[in-house]
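Down below is the structure, laid out as structure tokens.
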């Protein structure tokens, strides 16, 4: 049985983004899947992602949540506007709250959902869990870019 394709592999297989690009062999390669009203992902850290033994680096946490929430915004715009492909979206702003040390001894689970949208700018909340413990929380705004922006049609 073939593994299901995530949003990134389906819509941006050649994207080289450090956080979510399927074609970046040294990147995090987040794989985001639509699940009802949320977009979810599971990701397993490796020792080189640590800040110190057993604890995930804060910058990696930011990248995970930033990219996962960005894909949630892109999916929302595609779905709500009946588009064939998600528009290219970029991060306008995001805030990460590191609630507790994020362990690196097993898989992590990300969830994100849209809290507001005006059709171009989408506000998304995201969470990162280790087992049943909420470790990190994100709120971000993501915007669909227009022709002339360096990210336009980057996928």
If you average the alpha carbon positions of the range 69-94 and of the range 139-155, how far apart do those two centres end up, in angstrom? 9 Å
So what is the relative contact order of the chain, in percent, for Cα pairs below 8 Å that sit 6 or more residues apart? 22 percent
Given the chain, what percent of its DSSP beta bridges are antiparallel, to the nearest 5? 100 percent
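Using per-residue counts of other Cβ atoms within 10 Å, averaged over each peptide, order 99-105, 58-64 from highest down. Could you put the intermediate results ahead of the total?
Details: 99-105: 16.1, 58-64: 18.6.
Top to bottom by mean Cβ count within 10 Å: 58-64, 99-105.
FYI, it's all coordinate maths here, none of it is from the lab. All values reported here derive from a predicted model rather than from experimental measurement. In this analysis, Cβ positions are derived from the backbone assuming ideal geometry, glycine residues included, and neighbour counts consider all displayed protein chains.
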